[in-house]
Amino acid sequence: KKNKLKIYLFLKKNKKNLLLKKKFSNDQRVKIFFGYPNNKNQLKKIILLCDLICNLGFPNKTKFKKTIHKKKYLLTLKNILNILKEKKNFKLVHISSSEVYGFKKINNNKKFSEKARKLPTNVYAKAKIDAENLILNSGSRVIKNTIILRLFNVYGKGQNPKNLISEIDHKLKINKKKINLKNIYDKRDYIFVDDVINAIKISLFSRNIYGIFNVSSGRSLSVKKIFEIIKNLRKSKANLVDSENIKISTFSCGNNMKILKK
């Protein structure tokens, strides 16, 4: 409303997205298209209507399959980049992940900067790196109009029920007295979903800024600490089963000074 923008969404056709279309059926500012993101003609039709583009198309880590999703996703991104080479004015925000850094041993608590070495530990992270490299090898015109956001552990409304915070809250909600959790000494950097949305919006409207940026809180919390926080909020008397070995625990935290300065 503030910027009088028109918003175009290109989505898979499923029950959730059909409800979304119904919700915006009377809003002239929002148009929702259904189709296959690896279809170049469909993509081109929509992208040529847009000045600001946010690429959120990537399978959830828990659903990611090397043989299917990586191939489709990279083809989609290749199509997007080829279409953008034909556009005069655009801004692209591409969503990546902190998974590209891998994880450190718990006793190495140095934060990951954007220049840190990439050490992916799964096919999802490797695919994210491949996607970043596609952008970084697509020519200076695309690079200078693109911001890559490496999101750390996003939490908040709408999060996957299998995520750690949801899992802990569910177990406390059903009044379990003893709770088992994996890797209770693992430390991660958690970023609230509203802050992620703000980072995307600010990136889309930024001028003469491009490159890779961490989207992180800049601090890490252990699984054990998160359990204690939610336990206090729930006023629960449940106990956490302490069965994990701290020697095999891992650490991940993002240095967010670059995005704060820019």
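Against the definition (under 23 Å from residue 213 (Cβ atoms) and either open to solvent by less than 50 Å² (accessible area, probe 1.4 Å) or without any contact (Cβ under 8 Å) to a residue 12 or more places away in the chain (or both)), how does residue 164 come out, yes or no?
Taking the combined requirement at face value, the residue does not satisfy it.
Can you tell me which residue among 20, 5, 92 is within 21 Å of residue 148 (Cβ to Cβ) and open to solvent by less than 100 Å² (accessible area, probe 1.4 Å)? Explain how you work it out, then say what you get.
Numbers: 20 fails: within 21 Å of residue 148 (Cβ to Cβ); 5 fails: within 21 Å of residue 148 (Cβ to Cβ).
When all the criteria are applied, what remains is 92.
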Please give the number of the condition residue 128 fails out of (1) charged (D, E, K, R); (2) farther than 20 Å from residue 54 by Cα; (3) in contact with a strand residue (DSSP E or B) (Cβ under 9 Å, 6 or more places away or on another chain); (4) modelled with pLDDT under 95.
(2)
Give me the residue from the range 204-218 that is within 16 Å of residue 254 (Cβ to Cβ) and among the small types (Gly, Ala, Ser) and, out of that set, nearest to the chain's Cα centre (by Cα).
216
Select from the range 100-116 the residues that are at pLDDT 95 or above and either in contact with a Cys (Cβ under 8 Å, 6 or more places away or on another chain) or open to solvent by 20 Å² or more (accessible area, probe 1.4 Å) (or both) and list them in ascending order.
111, 112, 113, 114, 115, 116
When you scan the range 236-257, do you find a residue that is of a type outside the set (S, T, N, Q) and under 16 Å from the mean Cα position of the chain (by Cα), even just one?
yes
Would it be correct to say that residue 232 is in a loop (DSSP other than H, G, I, E, B) and open to solvent by 80 Å² or more (accessible area, probe 1.4 Å)?
no
Is there a residue being open to solvent by 30 Å² or more (accessible area, probe 1.4 Å) and either of a type in the set (Gly, Ala, Ser) or closer than 30 Å to residue 241 by Cβ (or both) anywhere in the range 126-134?
no
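Which residues, taken from the range 179-195, are among the aromatic types (Phe, Trp, Tyr) and either open to solvent by 60 Å² or more (accessible area, probe 1.4 Å) or under 20 Å from the mean Cα position of the chain (by Cα) (or both)?
Hits for the range 179-195 are 190, 192.
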Checking the condition touching a residue at least 12 places away in the same chain (Cβ under 8 Å), open to solvent by less than 80 Å² (accessible area, probe 1.4 Å) and among the basic types (Lys, Arg), which residue from 40, 44, 31 passes?
44
Go through the range 235-248 and count every residue that is closer than 28 Å to residue 103 by Cα and in a loop (DSSP other than H, G, I, E, B).
5
Boolean, residue 168 is modelled with pLDDT of 95 or more and β-branched (Val, Ile, Thr)
no
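The values are calculated or read from the model by the stated rules, or taken from the named source; none is laboratory data. Since the structure is predicted, the reported quantities are computational estimates derived from the model, not experimental observations. Glycine gets a Cβ as well: all are built from the backbone with ideal geometry, and neighbour counts include every protein chain shown. Surface areas here come from the heavy atoms of the whole protein model, side chains and all, with no ligands, DNA or RNA. Shrake-Rupley method; radii C 1.70, N 1.55, O 1.52, S 1.80 Å.
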